[in-house]
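Only one structure is covered here, and it is reproduced in the block below.
Each value in this text was obtained by applying a stated rule to the coordinates, not by laboratory testing. All values derive from a computational prediction rather than experimental measurement. Virtual Cβ from ideal backbone geometry, glycine too; neighbours counted across all protein chains shown.
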Ligand code: 13P
Ligand code: SF4
């Protein structure tokens, strides 16, 4: 089928379904997919939209943890969540399993039993991991509200097990001036590779997961981009290593990056350190600015959503494309995400 015919067919189905269908897309989706979304947002905005949705069917153009979060928040009779690319995962989410977290949790509580430990899990995690978090009184967070969630628990005198993104939490603690209170839990080492003294001294224990896409940014990338564009400001996503993010004028979620671009004066020059589908779209939508990628990076999983797959989902609704979190996990996982949304 020709692209034009696919595009027309998708729009026909959208018109037929009307308000009963909500198509959500993450900012990292390719532009041809974004064109068919009812709303495009960062993880936090998309979670809120899923929670408020009254649509019968949500079709999620993004990666699996996002669709699972939408299912957790929108569960109800006659409601369901679907993905055009059900195999689109997130390698960072795969770096923390609920079993490994439970074992780490038990160890932290045994080594420092008087500490008030709480888990915080980045939404880039499986439903099992969110359920682990909810069961232990913790909250999820996104790159957009991570600092608020961390500050909330620190203000209560809690000590935090943060998973899976070491860079997001290190960036948050750096901004709070507390980077030296972070201990890194190495998931493949016995007892996280930490001594008891290191655990007792830590305010935040960071799981050693990362986004393989953003974690690849280096100081050399910054030096090269700054040399090519000496007047430019650098905006970067907090999944970038803290040593790199510390060189940026602005560190923020995809939404925060977009807001910084929107506020920029005409003629301003910006270097943007995040996924290239978004950077390219920002450059095209803002011809009055000079926008350059820090270094073009693409998330292969985000790129799995194709027009053909979207149309097939909307017309055939294949069972394999439905995303349904195991019933036994929903309440605990929901508790962690709702605690986040309430903050
Ligand atoms: P946002 O929270 O900025 O949407 O980022 C999600 C993500 O997966 C970034 O890699
Ligand atoms: Fe996961 Fe990184 Fe892709 Fe985001 S960009 S979905 S964190 S792999």
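Based on DSSP, what percent of beta bridges with both residues in the chain are antiparallel, to the nearest 5?
Percent antiparallel among DSSP bridges in the chain is about 5.
In deg cm²/dmol, rounded to 500, what helix-only [θ] at 222 nm does the chain give when every DSSP H run of at least 4 residues adds -39500 (n - 2.57) and the total is split over its residues?
It lands at -12500 deg cm²/dmol.
How would you rank 185, 117, 317, 105, going from fewest to most other Cβ atoms within 10 Å of each one's own Cβ?
If I rank by nearby Cβ atoms, fewest first, I get 317, 117, 105, 185.
Treat the count of other C-beta atoms within 10 Å as a stand-in for reagent exposure and order 6, 213 from fewest to most.
Sorted ascending by nearby Cβ count, the order is 6, 213.
Can you tell me the Rg and Dmax of the chain, counting just the alpha carbons, in angstroms?
20.4, 64
Any idea how far the Cα center of the range 37-98 sits from the one of the range 217-238, in Å?
32 Å
Relative contact order of the range 63-166, please, whole-number percent, based on alpha carbon pairs below 8 angstrom and at least 6 residues apart.
It comes to 30 percent, rounded to a whole number.
Just want the ordering: 207, 82, from fewest to most Cβ atoms lying within 10 Å of their own Cβ.
Ascending Cβ contact count within 10 Å gives the list 82, 207.
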